[in-house]
Amino acid sequence: MKTTKIILIISAVICTTFAKTEIFAQEKSDIYLELSKPLLEYSLFNRYIFDVGTGYNAKINRLYVGASLNMTYSKLKGEYNTQTYFIKPRVNILLPIYGSNLSTFKIKLGLGYSVISINNKKYAFSDLQQGINAILELKFNYITKTRFDYYFIINYDYTYLNKDKDFTQLDYYRNIHLVSFGIGAKLKFYEKDEK
Amino acid sequence: MKNKSVLLITIILVILLAPSCSRDDLVLNQDYVTVSDLRCYCRDEKTFFLKPQKEINQLIELCDNQNVKVKGHIAEYGLCYFILLDLRNGEAIRVCINPDYFCTCNPTSFSHEDSAIINKILNSNKTDMCYINGVIRSYLRLTTVPTIEIHIAIESADDIFFESDINY
């Protein structure tokens, strides 16, 4: 508990210091944290609550290449209380398609793996499923003069589960389609930081 | 006006091209299917409202009177029925003990076989997976929003058994 508090305080101090520094140099890489809410879903689980993700991107020529880790949480309403967690590590490519001094618009393509853990304590039930995962995301980034930028995302997230007859015999349920809308913040690093 | 038409056509196309459960191949009486699989295959709820009457009838014929092996957890039970649940998403199906076609409960005609089934349920653990060999009853229920109603009919205590699996 103490460690968590210390980490939080140090993070807050670093963020505040960086945030107040005005920057005009070229962005070289970034780390980000984002939160999104699934709006549309076609899957077995049907009650997605939120998705939280973090990642790192590095600029290579015009593209940004990076890796991310997302977690989607789903909970069955009512007395049964089944909880489902999707852990989704991915590699991503971001392509800027529009940019000005105030904003940028990027397309992100990601490919990775999805591990799904389903638990119900009341019925002593648990299950683990996995499959490939891909994402197509549109990212509207608001540029500030500080270390932090804020952005909106809308994405289509697709998972294709490995075959498991006990889990489902329908191909329909092996496909998980999610369309989500969310917000995020990124901490930018510049060329001079890396020298 | 033109934009509205394009948008409308796009929406209709997206809905029509949306995946449909009943197009999958599902063998109902081979491996034990989950409650979700069965409901999806026999009702196709998400695209039901788009279907013409002919397709609805075909969907009913696809499952009605078919033998099925289905598995799930028991959520609740009464004298002549119990509810089989898919814990993963809350989908449930009614399993009727020696029913008439529409699963109407008649406690006065309660037989020795019926009580054997109920006893089997009472002696099981809540956490046990319930396996059922039954017959699907599928029919159109005409309420404000018409839907395909399905339930499973079982006749003897041999049609049901329990295992202490923790996974599907």
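Please treat every number below as a calculation from the coordinates, not as lab data. All of these numbers come straight from a predicted model, not from anything done at the bench. No Cβ is skipped: glycine too gets one built from the backbone with ideal geometry, and neighbour counts run over all protein chains shown.
Below are the figures for this structure:
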{"quantity": "Antiparallel DSSP beta bridges within the protein assembly as shown, as percent of all bridges there, nearest 5", "calculated": "95"}
{"quantity": "Solitary cysteines of chain B, where the nearest other Cys Cβ is not under 4.7 Å", "calculated": "B:C130"}
{"quantity": "Using alpha-carbon coordinates, inclination of helix B:53-63 to the longest axis of chain B, degrees", "calculated": "30"}
{"quantity": "Number of partner chain Cβ atoms within 10 Å, mean per residue of A:161-170", "calculated": "6"}
{"quantity": "In sequence order, calculated HN-Hα J values of the range A:45-58 (Karplus, 6.51, -1.76, 1.60; Hz; x Gly/Pro)", "calculated": "8, 6, 9, 6, 9, 7, 10, 10, x, 9, x, 9, 10, 10"}
{"quantity": "Alpha carbon Rg of the protein assembly as shown, scaled by the compact-globule rule 2.2 N^0.38 Å", "calculated": "1.25"}
{"quantity": "Total lysine pairs whose alpha carbons fall under 28 Å of each other in the range B:33-154 (8 or more apart, or interchain)", "calculated": "9"}
{"quantity": "Max mean-square fluctuation residue, GNM over chain A, Cα-Cα springs under 10 Å, options A:G182, A:G112, A:G99", "calculated": "A:G99"}
{"quantity": "Gaussian network model of chain B, springs between alpha carbon atoms under 10 Å - residue of B:L38, B:L84, B:L142 with greatest fluctuation", "calculated": "B:L142"}
{"quantity": "Between 0 and 90°, nearest 10: helix A:2-20 axis offset from chain A longest Cα axis", "calculated": "40"}
{"quantity": "Largest-first principal axis extents, alpha carbons of chain A, Å", "calculated": "56, 43, 27"}
{"quantity": "Most to least packed among A:121-129, B:149-157 [average Cβ atoms within 10 Å]", "calculated": "B:149-157, A:121-129"}
{"quantity": "Förster-model FRET efficiency, 30 Å R0, B:V145 and A:I132, C-beta, rounded to 0.05", "calculated": "0.25"}
{"quantity": "Pairs beyond 22 Å (Cα-Cα), from A:K139/A:K188; A:K106/B:K2; A:K88/A:K145; A:K108/B:K4", "calculated": "A:K106/B:K2; A:K88/A:K145; A:K108/B:K4"}
{"quantity": "Cα centre as origin, Lys/Arg/Asp/Glu Cβ charges: the range A:90-195 dipole, Debye", "calculated": "320"}
{"quantity": "For residues of B:30-36, the mean tally of beta carbons on other chains within 10 Å", "calculated": "4"}
{"quantity": "Max mean-square fluctuation residue, GNM over chain A, Cα-Cα springs under 10 Å, options A:L136, A:L40, A:L102", "calculated": "A:L102"}
{"quantity": "Degrees separating the helix B:112-122 axis from the principal Cα axis of chain B, which is the longest one", "calculated": "80"}
{"quantity": "Overall dimensions of chain B by Cα: Rg and Dmax, Å", "calculated": "18.4, 69"}
{"quantity": "Long-range HN-HN contacts of A:Y190 with modeled amide H, under 5 Å", "calculated": "A:K28"}
{"quantity": "Peptide-level mean, for B:81-88, of C-beta atoms on other protein chains within 10 Å", "calculated": "4"}
{"quantity": "Estimated FRET transfer efficiency (A:Y98, A:Q26; beta-carbon r; R0 30 Å; 0.05)", "calculated": "0.95"}
